[in-house]
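J.: Supplied in structure tokens, the structure appears directly below.
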Amino acid sequence: MKTIAFFDAKPYDKLSFANHFDEDINIRFFENKLNEDTVSMAACCDGVCAFVNDDINKTVIDKLSDYGVGIIAMRCAGYNNVDLKSARGRVSVVRVPAYSPHAIAEHSMGMILTLNRKLHKAYIRTRDHNFSLEGLCGYDLFGKTVGIIGTGKIGSVFADICKGFGMNIIGYDPIENDEFCGEYTELQELFSNSDIISLHCPLTKENRNIICKKTINKMKKGVCIINTSRGQLVNTDDLIDGIKSGQIGAAGLDVYEEETEVFFEDMSQEVIKDDTLLTLISMPNVLVTSHQAFLTGEALDGIAKTTMANLKEYFGGEKLTNEVVAK
């Protein structure tokens, strides 16, 4: 039997993976994130299963290799937190390229609707028996232009949702997708023409801080920015400055640059020391969710199913369908 060290495990992970139990694979669930301090938990294991906020750097890769760990199974689509160059030829890395693009696309639209129609404020008001409409005015999405950066599976599904609202859809992606229902445009045109900009791309060296002071200044005044991809796509300090100046009218963030030690955790009894995050949360036109866009039953089931299939391919000596390697 092969043993997998499953890091950053949450109750919903245990439930979803229990539905895909394999008698040849034993999973040890650990609440700790995988990093230099916790990698020793993988000793005597054959593989590890990791998530978005685990830090799988060179030191961690070296340790895993020394322990005889042969595979890192990422239970997510992204792998920017893995040092692929250090892993090459030593430890195989696999991922879940698609589990439920609808989950993330729908969450993105939910953030837009919440911010635009002030649903979060209305909910709090009515619970306090305040039925005033003052300050709750939004705008019709019909006829507005949405710019989508990243038009893969998630971006294309999001475009389809926007089409249902009667929005004008433009997109930018170095690799065009035939399933994208919008019109492709240059990035600078997308910035200047969009009423709403939604990010649906993986994090790369080329697009890190794609939303920054320089690009924000090219946007329409009052633009709404939605990020359900990776926190480092947005320079948070520049975003805050843009919100304060009124250049950015609203922001919906399901991810955050420095989320690793906060997101997915209950911090309600602690003092959060991240002043930048506290500033974002305090702003009335900013909606922050804790990296939950993926969190639907269908998505969790898809993640577990594909992850277990990836592991069985590896231990069965088969070709790894979802392997990622350093370029």
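The values are calculated or read from the model by the stated rules, or taken from the named source; none is laboratory data. Being a predicted model, the structure only gives us computed values, none of them experimental. Methodologically, a virtual Cβ is constructed for each residue, glycine included, from the backbone with ideal geometry; neighbour enumeration extends over all protein chains shown. Quick note on the areas: whole protein, heavy atoms, side chains included, nothing else; ligands and nucleic acids left out. Shrake-Rupley method; radii C 1.70, N 1.55, O 1.52, S 1.80 Å.
J.: Pull up segment 249-260, narrow it to residues that are part of a loop (DSSP other than H, G, I, E, B) and open to solvent by 20 Å² or more (accessible area, probe 1.4 Å), then point me to the one that is farthest from Pro97 (Cα to Cα). Quick ask: steps written out before the conclusion?
T.: Initial filter on segment 249-260 (part of a loop (DSSP other than H, G, I, E, B)): 254-260.
If we keep only those that are open to solvent by 20 Å² or more (accessible area, probe 1.4 Å) as well, we get 257-258, 260.
Details: Glu257: 22, Glu258: 24, Thr260: 21 Å.
Checked segment 249-260; the qualifying residue farthest from Pro97 (Cα to Cα) is Glu258.
J.: Please find, among Ala50, Ala42, the residue that is in contact with a helix residue (DSSP H, G or I) (Cβ under 9 Å, 6 or more places away or on another chain), modelled with pLDDT of 95 or more and open to solvent by less than 20 Å² (accessible area, probe 1.4 Å).
T.: Values: Ala50 fails: in contact with a helix residue (DSSP H, G or I) (Cβ under 9 Å, 6 or more places away or on another chain).
So the residue among Ala50, Ala42 that is in contact with a helix residue (DSSP H, G or I) (Cβ under 9 Å, 6 or more places away or on another chain), modelled with pLDDT of 95 or more and open to solvent by less than 20 Å² (accessible area, probe 1.4 Å) is Ala42.
J.: Condition first: touching an Asp or Glu at 6+ places or on another chain (Cβ under 6 Å), more than 30 Å from Leu34 (Cα to Cα) and not small (Gly, Ala, Ser). Can you find one or more residues in segment 100-115 that meet it? Spell out the reasoning first.
T.: Residues of segment 100-115 that are touching an Asp or Glu at 6+ places or on another chain (Cβ under 6 Å), as a first pass: 100.
Among the residues that remain, those that are also more than 30 Å from Leu34 (Cα to Cα) are: none.
So far as segment 100-115 goes, no, none of its residues is touching an Asp or Glu at 6+ places or on another chain (Cβ under 6 Å), more than 30 Å from Leu34 (Cα to Cα) and not small (Gly, Ala, Ser).
J.: Determine whether Leu280 is out of contact with any His (no Cβ under 7 Å at 6 or more places or on another chain), open to solvent by less than 20 Å² (accessible area, probe 1.4 Å) and not in a loop (DSSP other than H, G, I, E, B). Can you show your working first?
T.: Values: out of contact with any His (no Cβ under 7 Å at 6 or more places or on another chain): yes; open to solvent by less than 20 Å² (accessible area, probe 1.4 Å): yes; not in a loop (DSSP other than H, G, I, E, B): yes.
Considered against the rule, which asks whether it is out of contact with any His (no Cβ under 7 Å at 6 or more places or on another chain), open to solvent by less than 20 Å² (accessible area, probe 1.4 Å) and not in a loop (DSSP other than H, G, I, E, B), Leu280 comes out as yes.
J.: Also: With the condition kept exactly as written, say whether any residue in segment 297-312 is among the β-branched types (Val, Ile, Thr) and either in contact with an Asp or Glu (Cβ under 8 Å, 6 or more places away or on another chain) or without any contact (Cβ under 8 Å) to a residue 40 or more places away in the chain (or both). Don't jump to the end; show me each part of the working.
T.: If we filter segment 297-312 for residues that are among the β-branched types (Val, Ile, Thr), which is where we start, we get 303, 306-307.
Now drop any that are not either in contact with an Asp or Glu (Cβ under 8 Å, 6 or more places away or on another chain) or without any contact (Cβ under 8 Å) to a residue 40 or more places away in the chain (or both), which leaves none.
No: segment 297-312 contains no residue that is among the β-branched types (Val, Ile, Thr) and either in contact with an Asp or Glu (Cβ under 8 Å, 6 or more places away or on another chain) or without any contact (Cβ under 8 Å) to a residue 40 or more places away in the chain (or both).
J.: What about Ile124, is it without any contact (Cβ under 8 Å) to a residue 12 or more places away in the chain and among the hydrophobic types (A, V, I, L, M, F, W, C)? Even if it seems obvious, please write down each step before you answer.
T.: Working: without any contact (Cβ under 8 Å) to a residue 12 or more places away in the chain: yes; among the hydrophobic types (A, V, I, L, M, F, W, C): yes.
The answer is yes for Ile124.
J.: Taking Tyr99 as meeting all but one of (1) open to solvent by 40 Å² or more (accessible area, probe 1.4 Å); (2) modelled with pLDDT of 95 or more; (3) over 21 Å from Ala251 (Cα atoms); (4) of a type outside the set (Gly, Ala, Ser), write down the number of the exception.
T.: Result: Tyr99 fails condition (2) only.
J.: Go over the candidates Ser108, Ser132 one by one and state the one that is open to solvent by 20 Å² or more (accessible area, probe 1.4 Å), in contact with a helix residue (DSSP H, G or I) (Cβ under 9 Å, 6 or more places away or on another chain) and at negative phi. I'd like the intermediate steps shown before the answer.
T.: On the way: Ser108 fails: open to solvent by 20 Å² or more (accessible area, probe 1.4 Å).
The conditions single out Ser132.
J.: Still on this structure, please answer the following. If you check Ile4, Ile25, which single one turns out to be touching a residue at least 40 places away in the same chain (Cβ under 8 Å), surrounded by fewer than 21 Cβ atoms within 10 Å (Cβ to Cβ) and more than 19 Å from the chain's Cα centre (by Cα)? So that I can check it myself, show each step before the final result.
T.: On the way: Ile4 fails: surrounded by fewer than 21 Cβ atoms within 10 Å (Cβ to Cβ).
The unique qualifying residue is Ile25.
J.: Continuing with this model, one more query. Take the residues in segment 191-223 that are in contact (Cβ under 8 Å) with a residue 60 or more places away in the chain and out of contact with any Gly (no Cβ under 6 Å at 6 or more places or on another chain), then tell me which one is farthest from Asp173 (Cα to Cα).
T.: Taking segment 191-223 and keeping what is in contact (Cβ under 8 Å) with a residue 60 or more places away in the chain, we get 196, 198, 200, 202-204, 210.
Within this subset, residues satisfying the condition of being out of contact with any Gly (no Cβ under 6 Å at 6 or more places or on another chain) are 196, 198, 203-204, 210.
Working: Ile196: 17, Ser198: 12, Leu203: 13, Thr204: 13, Ile210: 13 Å.
Among them, the one singled out is Ile196.
J.: Mind checking which residues of segment 111-129 are open to solvent by less than 100 Å² (accessible area, probe 1.4 Å) and at negative phi?
T.: Start the filter on segment 111-129 by keeping residues that are open to solvent by less than 100 Å² (accessible area, probe 1.4 Å), which leaves 111-116, 118-122, 125-126.
The answer is Met111, Ile112, Leu113, Thr114, Leu115, Asn116, Leu119, His120, Lys121, Ala122, Arg125, Thr126.
J.: Which of the numbered conditions does Asn32 fail, given that it passes all the others? Conditions: (1) open to solvent by 10 Å² or more (accessible area, probe 1.4 Å); (2) in contact with a strand residue (DSSP E or B) (Cβ under 7 Å, 6 or more places away or on another chain).
T.: (2)
J.: Which of the residues spanning segment 270-322 are of a type in the set (Lys, Arg), modelled with pLDDT under 95 and farther than 30 Å from Gly249 by Cβ? Reasoning before the result, please.
T.: Residues of segment 270-322 that are of a type in the set (Lys, Arg), as a first pass: 273, 305, 312, 319.
Add one more test, that the residue is modelled with pLDDT under 95, and what stays is 273.
Passing the criteria: none in range.
J.: Let me ask something additional. Output the residue which, of all residues in segment 7-22 that are touching a residue at least 24 places away in the same chain (Cβ under 8 Å) and open to solvent by less than 60 Å² (accessible area, probe 1.4 Å), is farthest from Val262 (Cα to Cα).
T.: Asp22
J.: Here's something else I'd like to know. Does any residue in segment 68-91 that is under 15 Å from Asn322 (Cβ atoms) and in contact (Cβ under 8 Å) with a residue 12 or more places away in the chain come within less than 7 Å, Cβ to Cβ, of a residue that is among the charged types (D, E, K, R) and open to solvent by 20 Å² or more (accessible area, probe 1.4 Å) six or more places away or on a different chain, and which pairs are these?
T.: What qualifies is Met74/Arg95; Cys76/Arg95; Ala77/Arg95; Gly78/Arg230; Tyr79/Arg95.
J.: Identify, from the list Asp66, Asp62, Asp55, the residue that is under 23 Å from Ala304 (Cα atoms), among the acidic types (Asp, Glu) and at pLDDT 95 or above. Even if it seems obvious, please write down each step before you answer.
T.: Details: Asp66 fails: under 23 Å from Ala304 (Cα atoms); Asp62 fails: under 23 Å from Ala304 (Cα atoms).
It is Asp55.
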